[in-house]
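Below is one structure, written out as structure tokens, with a few remarks after it.
The values are calculated or read from the model by the stated rules, or taken from the named source; none is laboratory data. Remember, it's a predicted structure, so these values are computed and weren't measured experimentally. Cβ: placed from backbone, ideal geometry, glycine included. Neighbour counts: every protein chain shown. Keep in mind that these areas ignore ligands, DNA and RNA; they rest on the heavy atoms of the full protein, side chains included. Shrake-Rupley method; radii C 1.70, N 1.55, O 1.52, S 1.80 Å.
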Amino acid sequence: MESAAVPLRREEVDLADPAFWRLPRARRLAAFALLRTLESPVRFGSGPGFHALVRHADVREASRTPDHFASAPGATTPEPAAWAKAVFGNSMVNMDGPEHARLRRIVARAFTPRLLAAAEENVRETARRIVTEMARDRPEDFVTSAASRMPFEIICDLMGIPAGDRAEIARRIDEASENVGVARRRLRMPGRGLRGLAHMQLVMARLARERRRRPAGDLVSALVRADIDGQTLSARQLGAFFSLLLVAGVETTRNAIAHGLVLLTGHPDQLALLESDFDRYADGAVDEIVRHSTPIIQFRRTVTAEYELGGRVFRPGEKVVLLYASANRDENVFENPDVFDITRDPNPHLGYGGGGPHYCLGAHLARQEMKALFRELLTGPVRVRTVGAAELVDSSFDNRVRSLPFVLGPPAPAVPPEGAPGPARVF
């Protein structure tokens, strides 16, 4: 197997080649490290191509200057077709300016203190129920039994999705997400992905109509009644937001949870530290899991006005890719960036975005979900450990875990306080 220790040459690194994203993760991280040493962002691809922003400072600055680095017409690759936006509505991740700000205000207003308080309690109850059922049923795959189930149930409860619709929606989410690969035969697969979106939007349209007639204490009820400057969300806007919440809100947290278990199992010293005082170390552990695994690898921006960044002057119409997976390993920001250390402080990772108007709306909820689930998994009478390698999905977009074998058992012996190993290097 090719090792990250083998030096790379610039001509060996091509982020536009699907083969690059099938390399071992250690090799890809080594390529990012090489790109960070270059004087200016590198252009990849034929035709218009794109420039890769790999340094923490550059990704952060581009994120906070949306008037020069726009999410429209599309933050993902390939860009959504105009007809798809017309049919399904435009996602918030592809919006800028007043349109994006208005939609965020509507969504923010819908998250009332009462709704948030109920959601926080539900997070704790859901984590307890999942772990109790795991201890009873002894499943073998951590992704399906816990990592995916936790955020999916929370989002469905938050939105008030009927129990009878959930199994089919879960299948559609998995189908749409599984097709974000890198081999050309798997890249996005628009037909299958759009069928999944169409089904979810039909469910959401029906639910929205019901909530307009009979409001309940859920997010759908709040959104269909939300009013900013005399305007409410259209049916397509509601559908686009619900699809984003279901897919993005479930997939990113699912992958962070799965990677978290891999990292903690592989670093017994860090696991023992977290178990020794969960309340003290939990926040740091969650942030370090997100930094180290970086569930979303990259988003794309389109340059709208001339702008100098990272040693290069960008011109209108050029495409740039914000590589969070590289920025979160930047040696100029993080000491020993390849080390997994739950006490890392400060930890200004970009796992939820680089700030600015597109900072993740669900960051707080995702942190709560991870903390609640790991609290139940690591401090109760039955503890969880991985027993095999995670099966990863080759992707240039997200760091997805397809499956992860695990077992439940008694608590592991405590790591001796003296002579315990320090944080270990892991990719």
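Restricting attention to the stretch 372-405, the residues being closer than 28 Å to Ala119 by Cα and of a type in the set (A, V, I, L, M) number 8. Can you find even one residue in the stretch 22-35 that is within 28 Å of Ala198 (Cβ to Cβ) and outside any helix (DSSP H, G or I)? No, that holds for no residue. Return yes or no: is Arg60 under 19 Å from the mean Cα position of the chain (by Cα) and outside any loop (DSSP other than H, G, I, E, B)? It is true that Arg60 is under 19 Å from the mean Cα position of the chain (by Cα) and outside any loop (DSSP other than H, G, I, E, B). All conditions in (1) assigned to a loop (DSSP other than H, G, I, E, B); (2) under 20 Å from the mean Cα position of the chain (by Cα); (3) over 15 Å from Arg300 (Cβ atoms) hold for Leu38, with the sole exception of (2). Among what's in the stretch 377-404 and is open to solvent by 40 Å² or more (accessible area, probe 1.4 Å) and among the basic types (Lys, Arg), pick the residue that is farthest from Glu275 (Cα to Cα). It comes out as Arg402. Scanning the stretch 166-200 for residues that are crowded, with 17+ Cβ neighbours inside 10 Å and modelled with pLDDT of 80 or more returns Ile169, Ala170.
Being free of Cβ contacts under 8 Å to residues at least 12 places away in the same chain and either farther than 24 Å from Arg171 by Cβ or open to solvent by less than 40 Å² (accessible area, probe 1.4 Å) (or both), is that true of even one residue in the stretch 240-252? No, that holds for no residue. The set of residues in the stretch 264-273 being under 23 Å from Arg149 (Cα atoms) and surrounded by 20 or more Cβ atoms within 10 Å (Cβ to Cβ) consists of Leu264, Leu271. Taking the listed residues Arg124, Arg102, Arg129, the one that is of a type outside the set (A, V, I, L, M) and touching a strand residue (DSSP E or B) at 6+ places or on another chain (Cβ under 8 Å) is Arg102, with no other qualifying.
Considering Pro18, Pro41, the condition of being open to solvent by less than 30 Å² (accessible area, probe 1.4 Å) and touching a residue at least 24 places away in the same chain (Cβ under 8 Å) is satisfied by Pro41 alone.
Going by what's in this entry, would Asp141 be described as over 28 Å from Leu323 (Cα atoms) and of a type in the set (Asp, Glu)? Yes, satisfied. A search for C-beta distances below 6 Å between a residue of the stretch 255-273 that is modelled with pLDDT under 95 and any residue that is open to solvent by 20 Å² or more (accessible area, probe 1.4 Å), counting only pairs 6+ apart in sequence or on different chains, returns nothing. The single condition from (1) at pLDDT 95 or above; (2) of a type outside the set (Val, Ile, Thr); (3) not in a helix (DSSP H, G or I) that Pro411 fails is (1). Answer yes or no as to whether Phe374 is open to solvent by less than 50 Å² (accessible area, probe 1.4 Å), modelled with pLDDT of 90 or more, of a type in the set (A, V, I, L, M, F, W, C) and not in a loop (DSSP other than H, G, I, E, B). So Phe374 passes the test. Applying the condition of being touching a helix residue (DSSP H, G or I) at 6+ places or on another chain (Cβ under 7 Å) and over 20 Å from Arg300 (Cα atoms) to the stretch 70-103 and asking which residue is least open to solvent (accessible area, probe 1.4 Å) yields Leu103. Under the condition of being closer than 21 Å to Gly311 by Cα and charged (D, E, K, R), which residue from the stretch 15-44 is modelled with the lowest pLDDT? The residue in question is Glu39. In this structure, is Ala72 farther than 19 Å from Leu309 by Cα and not in a loop (DSSP other than H, G, I, E, B)? It is false that Ala72 is farther than 19 Å from Leu309 by Cα and not in a loop (DSSP other than H, G, I, E, B).
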